[in-house]
1. Determine which aspartates and glutamates satisfy two conditions relative to Lys101: a Cα distance under 12 Å, and not lying fewer than 8 residues away in the same chain.
2. Once fully extended, how much extra length lies between Leu187 and Tyr339, figured as 0.36 nm per residue of separation less the alpha-carbon to alpha-carbon distance?
3. Could you tell me the extents of segment 2-375's C-alpha atoms along the three principal axes, largest first, rounded to whole Å?
4. Highest mean first, how do 199-207, 345-353 rank when packing is the count of other Cβ atoms within 10 Å averaged over residues?
5. Segment 311-368 to segment 48-66: how many Å between their Cα centroids?
6. Mind ranking 364-376, 210-222 by how tightly packed they are, going by the mean number of other C-beta atoms within 10 angstrom, highest first?
7. Pairs Lys240/Lys299; Lys69/Lys134; Lys69/Lys198; Lys75/Lys198; Lys66/Lys246: which exceed 20 Å Cα-Cα?
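Each reported figure results from applying straightforward, stated rules to the coordinates on display, with no laboratory input. Given the structure is predicted, the values throughout are model-derived calculations rather than measurements. Every residue, glycine as well, gets a Cβ built from its backbone with ideal geometry; the counts of neighbours run over all protein chains shown.
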Amino acid sequence: MLKYCFTLLIFPIALWLLLPNVAVAQGCVAVRPMGCGAANASSGSFLMDKGDWQVGILYRYFESYKHFKGDSEQKERVELGTQVINTANSVDISLSHAITKRLTLAASLPLISYDRSSLYEHYGNSIAANPDQKRFHTDAQGIGDLRLSGSYWLLNPTKHQKTNVAMGLGLKLPTGNANVQGGFHKLTKEKVDTTIIKAVDQSIQLGDGGVGITLEVQAYTVLSKRTSLYLNGFYMSNPKETNGAKTRTTAPASLADSITQFHSVADQFAFRFGANYVIWPAHGLVVGLGVRAEGVPAKDIIGEDWGFRRPGYVISAEPSISYQFNQLSFNLSVPYALYRNRVKSVSDLADPLGLRHGDAAFANYLINLGVTYRFAKKHKMMDHAPTFKDVSPK
């Protein structure tokens with residue numbers, strides 16, 4: 001009974017820590033590729049023993065094109081062909097080492113390839129400005145921001161194999177380029193195509209330019225021989241206000257323009273909760289179903305909120321499946337968006353008339369496909385352990 005009371009107590013505390021004054025999202029909302037939770041939850045089906053090493057590769061894909069202002073979809077954008085399309089491919093490479101059975105250190109580095117096509121950033125959306133409705137592309141490829149973290153199981157895993165909670169703390173380092181430049185097509189008065197070089201949109205920048213502080217939590221509890229509950233959460237605080245990436249080449253003409261003159265270095269978070277069911281215990285075949293939320297807050301926990309950002313959030317249903325073969329494990333999850341909301345930013349709130357409200361494009365679904373390998377002696381599989389490994393969208 002004590003273990004269940006402990007789990008019921010820690011889950012609300014974890015939620016409180018993870019969800020203070022935040023808003024979340026995927027798509028044009030610039031969420032950096034980050035693991036959702038501590039690295040030692042990434043193996044899928046068993047905990048790490050002292051001295052174990054583990055490598056992991058996680059591939060993530062999404063395409064965002066559905067525009068929202070608040071939680072109202074702007075369907076006319078797709079109907080008219082003026083929608084922004086972001087296509088994201090990333091591979092997160094991670095390395096974990098168990099100092100003890102309770103303490104694990106980890107590092108992860110994303111390799112990123114982004115493509116963004118639009119009308120409005122170039123000739124414009126209107127027929128008058130862009131009679132042929134030409135769409136142009138900008139892109140960014142390279143490494144993202146490196147994350148270093150440590151996590152610690154609050155209960156001794158040897159004595160408490162069916163219920164446990166781990167807390168983690170880490171740093172996100174600005175190894176990804178936060179000021180990737182691209183070519184933007186413009187028409188002169190004589191209708192001659194020219195190209196302006198400036199920073200690409202924040203949603204496809206490789207990094208955010210700041211040092212972030214990460215807080216992580218993971219927990220699980222066994223309900224029956226084959227069924228368990230899991231919780232995994234991640235919040236990153238970015239104290240830095242803005243980076244050097246300019247959003248415009250002209251001088252700001254208003255307070256809102258002054259606020260958004262440079263890209264902000266925003267906080268972000270991800271949260272997952274759900275249940276797993278072991279279909280084939282002898283071979284580690286597990287299916288899961290959960291709820292997932294992720295995104296960017298309108299205001300940061302630490303520091304000022306100056307700079308351009310698209311705050312918003314998405315709540316998704318997340319089916320998953322994982323399989324373990326000896327030291328090798330595979331996992332697949334496909335979160336499908338149930339609710340999307342592009343909330344007002346600080347610059348939107350600065351509008352004295354209260355009419356300003358920017359939009360953002362969201363994806364319908366994500367694909368997360370991961371593989372991990374454990375360098376260790378053969379382990380007895382713990383079929384109650386949580387099964388997830390993940391990254392945050394753009």
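1. Asp49, Asp52
2. 50.9 nm
3. Cα spread of segment 2-375 along its principal axes, largest to smallest: 75, 37, 34 Å.
4. 199-207, 345-353
5. The two parts, judged by their Cα centres, are 17 Å apart.
6. Per-residue mean Cβ counts within 10 Å order the peptides as 210-222, 364-376.
7. Details: Lys240/Lys299 12 Å; Lys69/Lys134 24 Å; Lys69/Lys198 26 Å; Lys75/Lys198 30 Å; Lys66/Lys246 26 Å.
Listed pairs above 20 Å: Lys69/Lys134; Lys69/Lys198; Lys75/Lys198; Lys66/Lys246.
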